[in-house]
Amino acid sequence: MYRIDFNKLRFLICDDNPHMRRILRTLLHSFGTREVYEAEDGATALEMYSHYSPDILITDWEMPIFDGLELAQMIRQPEAKGNPYAPIIMLTAHSEKRRVTLARDAGVTEFLAKPISSKGLYQRILNVVASPRPFIRTRNYFGPDRRRNTTAGYIGPERRHGGEADIIQQPSLLDKARVNT
């Protein structure tokens, strides 16, 4: 178990609901975070993302201008401004399997259903900081490895077939945020 120094991490919250932004900001501050930036739509978030270089992005799915899914896809473009490896935590009140799959395929790192809890948010942040998944680059995808379990002997229908994938180890947030004891 790692202890995370949240004071060393920068967050960008993107949600069109000011009350949800306030809840998230309050929770992050209670964890010890000092740098929290806020955007009310995807376009503003993308601009702030390239300007502030947050360590972690927390975004709602449904927003004006462009939504959280489109925001994740733009951030995951290797030629985009900013860090394409930053963890993205998607918030939504709609947690159907189809949506989770769409978010995963857009490069979202973690998924958190509303209503959120302090424990749920903390766990997602801990997951992306202490247990980052390697990034995968294929012809049609760039983002965190979509497979949670990497059993070598898996032979089921969802097994990846053909095509080479580059596995990329992104810079670790754990090195930045670990509390040295």
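Below is a table of values for the structure above.
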| item | result |
| --- | --- |
| Residues of the range 65-110 that turn out to be in a helix (DSSP H, G or I), buried (at least 20 other Cβ atoms within 10 Å of the Cβ) and in contact with a Phe, Trp or Tyr (Cβ under 6 Å, 6 or more places away or on another chain), as a count | 2 |
| Residue match in the range 50-57 (condition: part of a loop (DSSP other than H, G, I, E, B), of a type in the set (S, T, N, Q) and at positive phi) | yes |
| Subset of the range 69-81 (residues that are under 14 Å from residue 59 (Cβ atoms), of a type outside the set (D, E, K, R) and more than 10 Å from the chain's Cα centre (by Cα)) | 69, 71, 73, 74, 75 |
| Test: residue in the range 77-95 that is charged (D, E, K, R) and closer than 17 Å to residue 147 by Cβ | no |
| Candidate set: the range 50-64, residues that are of a type in the set (A, V, I, L, M) and modelled with pLDDT of 95 or more; chosen: the one surrounded by the fewest Cβ atoms within 10 Å (Cβ to Cβ) | 56 |
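The values are calculated or read from the model by the stated rules, or taken from the named source; none is laboratory data. Predicted, not measured: the structure shown is a model, and the values here were computed from it. Note that we place each Cβ from the backbone using ideal geometry, even for glycine, and neighbour counts take in every protein chain shown.
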